[in-house]
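The structure appears right after this line, and notes come after that.
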Amino acid sequence: MAKTILEVVDLKKHFTARKTLLSAFKEQERSIPAVDGVSFYLKENETVGLVGESGCGKTTIGRTILRLEKPTAGKILFDGKDVTAMPSEELRKLRSEMQMIFQDLDAALNPKMRIRDILREAIKVHHDITDEEIDGRIGELLEQVNLKRSKLSNFPHELSGGEKRRVGIARVLSVGARFIIADEPTSALDVSIQAQVVNLLRDLQKHLGLSYLFISHDLRVVELISHKVAVMYLGKVVEMGLAGRIATAPRHPYTHILWSSLVGKQSKEASSAVRNVQSGIWGVFDFERAYAGCRFAPRCPVYESKEYPRVCTDPASEPQLRDVGDGHQVACHFPL
Ligand SMILES: Nc1ncnc2c1ncn2[C@@H]1O[C@H](COP(=O)(O)OP(=O)(O)OP(=O)(O)O)[C@@H](O)[C@H]1O
Ligand code: SF4
Ligand SMILES: [Mg+2]
């Protein structure tokens, strides 16, 4: 049976931000619970997809797992070792095994360096090897990510978005990563290039036995590549299960809406909710909006159709993830 490579237990990352210009003078701060008690695990050779709207906390989860952010609470176990409590020297060694493909295409590519030097530098950081061995490794990486050798003498700005993404993938492979957090690796790319990137990541997983946390706001892309999917809403996972089930039989009203708005399979409730989203009636939902109980209630079509049951907004009964069979979990008092 495949080994668990990553376990995230009740992870919290709360940021502090000043409330308004006026309260800034009074030095008042408010807390942004960007990640608010998230738990999941990932097996070797497996992909867990993390999906949700902009600002729900996806990138923060990725950055906190890699300890680019310090967690507020909770545990992160990589290969059974507690990353949260790890001294920085040990963490540095571990970083060669855990890597992130950043959401911003240019983030990891120094604009002043040629692609050859970017890769060379990444290989050298974690391995003590000769120049000849480095060149051999670069050749291998180019083949793995299907990039032409002629691109090595280019600067990042001379590459297309898809090529930059391939270099980014080569860079994380170059250090020997086994676990990769791919943060929106297909956003900002044309649809045909998106498919190429997804296929490349899948092939690499097959050949190199990689594990991925695949982050995207697009449930279609997430379903394509993931074995399991976790759906996030304002800092919480509201539904989790096998990718096929999340796509074909979602149980949380939010997942249903996410999916319906993409594929047009709309129930009466969901279609009115989708119309609301499209016409902007829902407005901007973020951590600033006060809530009690279920944080999805202000947008929930089920809450509305059931005539606002008190349990949904009772501060003492925030819905928790519950097993609804076959490892499928939903945080809703009235799952679909
Ligand atoms: N360093 C920070 N300081 C304060 N707030 C932050 C910080 N980083 C993120 N946030 C806030 O935390 C919340 C989650 O942000 P995050 O970037 O994780 O969302 P996301 O799901 O990745 O969004 P997107 O799909 O737009 O990339 C947002 O409200 C964001 O403004
Ligand atoms: S708990 Fe209530 S408000 Fe929250 S998603 Fe379920 S039905 Fe909607
Ligand atoms: Mg993000």
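5 Å is the cut-off here: which amide hydrogens, built 1.01 Å from N in the peptide plane, fall below it relative to I181, excluding neighbours closer than 5 in sequence?
It is Q99, M100, I101, L213, by chain and number.
Per residue and in cubic angstrom, what volume does the convex hull of the Cα atoms of the chain have? Kindly include the intermediate steps, with their values, before the conclusion.
Working: hull volume 56.1 nm³, N = 336.
Each residue corresponds to 167 Å³ of Cα convex hull volume.
Work out the length of the dipole vector of the chain about its Cα centre, built from +1 on the beta-carbon of each Lys and Arg and -1 on the beta-carbon of each Asp and Glu, and round it to the nearest 20 debye. Mind showing how you got there, number by number?
Numbers: 47 positive and 43 negative charges, 89 e Å.
With Lys and Arg at +1 and Asp and Glu at -1, about 420 debye.
Any idea what diffusion coefficient the stretch 69-140 gets from Stokes-Einstein, in µm²/s, Kirkwood Rh on alpha carbon pairs, 4 °C, 1.567 mPa s? All intermediate terms of the calculation are to be shown ahead of the outcome.
Details: Rh = 14.7 Å.
Translational D for this selection: 88 µm²/s.
Show me, for the stretch 176-189, the HN-Hα J-couplings you get by feeding each phi into the Karplus relation (A = 6.51, B = -1.76, C = 1.60, θ = phi - 60°), rounded to Hz, glycine and proline as x.
x, 5, 9, 10, 10, 9, 9, 8, 6, x, 10, 6, 6, 10
Please list, in order along the stretch 32-44, the HN-Hα scalar couplings obtained from phi with the Karplus expression 6.51 cos²θ - 1.76 cosθ + 1.60 (θ = phi - 60°), rounded to whole Hz, x for Gly and Pro.
For the stretch 32-44, the Karplus-derived couplings read 10, x, 4, 10, 10, x, 9, 10, 6, 9, 9, 8, 4 Hz, x marking Gly and Pro.
Give the relative contact order (percent, whole number) for the chain; include only Cα pairs under 8 Å separated by 6+ residues.
Values: 589 pairs, mean separation 63.4, N = 336.
For the chain, the relative contact order is 19 percent.
Can you list the residues, at least 5 places off or on another chain, whose amide H is less than 5 Å from the amide H of L11, using H built in the peptide plane?
G37, V38, S39, K75
Over the Cα atoms of the stretch 4-140, how large are the radius of gyration and the largest Cα-Cα distance (Dmax), in Å?
18.7, 60
Take the Cα atoms of the stretch 102-202, build their convex hull, and give its volume per residue in Å³. Don't skip to the answer; put the middle values down first.
Details: hull volume 9.6 nm³, N = 101.
Taking only Cα atoms, the stretch 102-202 has a hull volume of 95 Å³ per residue.
Counting only residues 5 or more places away or on other chains, whose amide H sits under 5 Å from the amide H of I5 once H atoms are built in the peptide plane?
Amide H neighbours of I5: L42, K43, E44.
Restricting to DSSP H runs of at least four residues, report the calculated mean residue ellipticity at 222 nm for the chain, -39500 (n - 2.57) per run over all residues, nearest 500 deg cm²/dmol.
Numbers: 13 runs with 124 residues, N = 336.
Using -39500 (n - 2.57) per qualifying helix, the result is -10500 deg cm²/dmol.
Could you please rank E140, E318, E89, placing first whichever residue has the fewest other Cβ atoms within 10 Å of its Cβ? Don't skip to the answer; put the middle values down first.
Values: E140 12, E318 17, E89 8.
Ascending number of Cβ neighbours within 10 Å: E89, E140, E318.
Enumerate the calculated ³J(HN,Hα) couplings along the stretch 102-110 in order (Karplus 6.51 cos²θ - 1.76 cosθ + 1.60, θ = phi - 60°), each rounded to whole Hz, writing x wherever the residue is Gly or Pro.
Karplus-based 3J(HN,Hα) across the stretch 102-110 equals 6, 4, 7, 3, 8, 3, 9, 10, 4 Hz.
For a 18 Å ceiling on Cα separation, which of these pairs sit above it: K43/K81; K164/K228; K112/K148; K124/K151; K43/K228; K75/K236?
Details: K43/K81 15 Å; K164/K228 28 Å; K112/K148 20 Å; K124/K151 20 Å; K43/K228 10 Å; K75/K236 16 Å.
Too far apart for the 18 Å limit: K164/K228; K112/K148; K124/K151.
Each value in this text was obtained by applying a stated rule to the coordinates, not by laboratory testing. All values reported here derive from a predicted model rather than from experimental measurement. Ideal geometry is used to build each Cβ from the backbone, glycine not excepted, and the neighbour counts take in all protein chains shown.
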